[in-house]
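The values are calculated or read from the model by the stated rules, or taken from the named source; none is laboratory data. All values derive from a computational prediction rather than experimental measurement. As a convention, Cβ positions derive from the backbone with ideal geometry for all residues, glycine included, and neighbour counts pool all protein chains shown. The area values use the complete protein model at the heavy-atom level, side chains included, leaving out ligands, DNA and RNA. Shrake-Rupley method; radii C 1.70, N 1.55, O 1.52, S 1.80 Å.
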Amino acid sequence: MGTLQGQVALVTGAGQGVGRGIALALADAGASVAVVGRTEAKLQDTCALIRERGARAEPFTVDVADTAAIPPLVERVVRSTGGVDILVNNAYAGAFGPLLSMSDDDFQRGFRTAPFATFAFMKACHPHLKANGGGSIVNLVSSAMVRWDPTTFGAYAAAKQAVRSLTRTAAVEWGRDGIRANSIAPHALSPGLESWIEANPEEAAAFAASIPLGRIGECEADIGRAVVALVGPDMRYLTGATVPLDGGQAFFG
């Protein structure tokens, strides 16, 4: 029996990449998974992979930038699955580039899909997490927050830093409700990173060389399994932390 048997996990951005890896790992540990994202076909693919492993999965389509749509989505998940024990806020659709060349809309989109959406999911899931005796929230942030040179990553880092602050605050305010909240800052070979590597081979080689463990992480084996450990019973006393899943590249002081 898996460590998460009988629990329900809601994972945003689960149609591909890191979100899919997390969803698969949670399912392997026994959780039922609400697979949330924008693209129905990708969500169905993730659900099919989960069902092949003998776990339950259901797709839920939403654009997390539409924060008004998030509370009713969570209610649909609860009606369908019976509750929410684990919330993973992974979805992000922001912009990268120098600050002076970035439009206001691109900058704001990063905040709508990161801290604004994360806040909406956390609030909507809170009563269900509490009702089930406490649950666990994992929010995805980034080592871009602590880069000594955040050139072209400024908007991304700002949005993710806001998520990190929300996570820490929820850990403190909701701890009495039995709810744990932690952040992870992952590196993993997602489709987006693969495209960047193909377009920037020299920069990508330097990036990989700067990782002490000498490789970029795998979405399921390195990130997903770490999330399973983080939300599981063996980590029940950890909350309010930012865990760097980046092979030792960044330092979070």
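Checking each residue in the stretch 194-220 for being part of a helix (DSSP H, G or I) and closer than 18 Å to residue 18 by Cα picks out 194, 195, 196, 197, 208, 219, 220. Scanning the stretch 1-22 for residues that are under 17 Å from residue 78 (Cα atoms) and in contact with a helix residue (DSSP H, G or I) (Cβ under 8 Å, 6 or more places away or on another chain) yields 8, 9, 10, 11, 12.
Screening residue 180 against (1) charged (D, E, K, R); (2) open to solvent by 50 Å² or more (accessible area, probe 1.4 Å); (3) more than 25 Å from residue 112 (Cβ to Cβ) leaves a single unmet condition, (2). What's the total number of residues in the stretch 110-126 that are open to solvent by 70 Å² or more (accessible area, probe 1.4 Å) and either more than 17 Å from the chain's Cα centre (by Cα) or aliphatic (A, V, I, L, M) (or both)? Within the stretch 110-126, residues that are open to solvent by 70 Å² or more (accessible area, probe 1.4 Å) and either more than 17 Å from the chain's Cα centre (by Cα) or aliphatic (A, V, I, L, M) (or both) number 0.
The set of residues in the stretch 216-253 being modelled with pLDDT under 90, of a type outside the set (Phe, Trp, Tyr) and loosely packed, with under 15 Cβ neighbours inside 10 Å consists of 253 alone. Can you spot a residue in the stretch 91-105 that is under 20 Å from residue 168 (Cα atoms), of a type in the set (A, V, I, L, M, F, W, C), surrounded by 20 or more Cβ atoms within 10 Å (Cβ to Cβ) and touching a residue at least 24 places away in the same chain (Cβ under 8 Å)? Checked against the condition, which is being under 20 Å from residue 168 (Cα atoms), of a type in the set (A, V, I, L, M, F, W, C), surrounded by 20 or more Cβ atoms within 10 Å (Cβ to Cβ) and touching a residue at least 24 places away in the same chain (Cβ under 8 Å), the stretch 91-105 yields at least one hit.
Kindly check whether there is at least one residue in the stretch 181-203 that is more than 14 Å from the chain's Cα centre (by Cα) and at pLDDT 95 or above. Scanning the stretch 181-203 turns up no residue that is more than 14 Å from the chain's Cα centre (by Cα) and at pLDDT 95 or above.
Does the stretch 191-212 contain any residue that is crowded, with 17+ Cβ neighbours inside 10 Å and within 13 Å of residue 122 (Cβ to Cβ)? Reasoning before the result, please.
Start the filter on the stretch 191-212 by keeping residues that are crowded, with 17+ Cβ neighbours inside 10 Å, which leaves 193.
Subsequent filtering for residues that are within 13 Å of residue 122 (Cβ to Cβ) retains none.
No, the stretch 191-212 contains no residue that is crowded, with 17+ Cβ neighbours inside 10 Å and within 13 Å of residue 122 (Cβ to Cβ).
Can you tell me which residues in the stretch 42-56 are among the basic types (Lys, Arg) and farther than 14 Å from residue 31 by Cα? Walk me through it before giving the result.
Initially, the stretch 42-56 is screened for residues among the basic types (Lys, Arg), giving 42, 51, 53, 56.
Within the stretch 42-56, 42 is the sole residue that qualifies.
Considering only residues that are in a helix (DSSP H, G or I), more than 24 Å from residue 224 (Cβ to Cβ), open to solvent by 50 Å² or more (accessible area, probe 1.4 Å) and of a type outside the set (Lys, Arg), which ones fall in the stretch 130-160? Within the stretch 130-160, just 131 meets the criteria.
Here residue 60 clears all of (1) farther than 19 Å from residue 164 by Cβ; (2) in contact (Cβ under 8 Å) with a residue 24 or more places away in the chain; (3) open to solvent by less than 10 Å² (accessible area, probe 1.4 Å); (4) touching a strand residue (DSSP E or B) at 6+ places or on another chain (Cβ under 6 Å) except the condition numbered (3). Number of residues in the stretch 1-32 that are β-branched (Val, Ile, Thr) and surrounded by fewer than 24 Cβ atoms within 10 Å (Cβ to Cβ): the value is 1. Exactly one residue out of 246, 222 is under 18 Å from the mean Cα position of the chain (by Cα) and over 25 Å from residue 85 (Cβ atoms), and it is 246. Got at least one residue in the stretch 173-191 being in a loop (DSSP other than H, G, I, E, B) and at positive phi? Yes, the conditions are met somewhere in the stretch 173-191.
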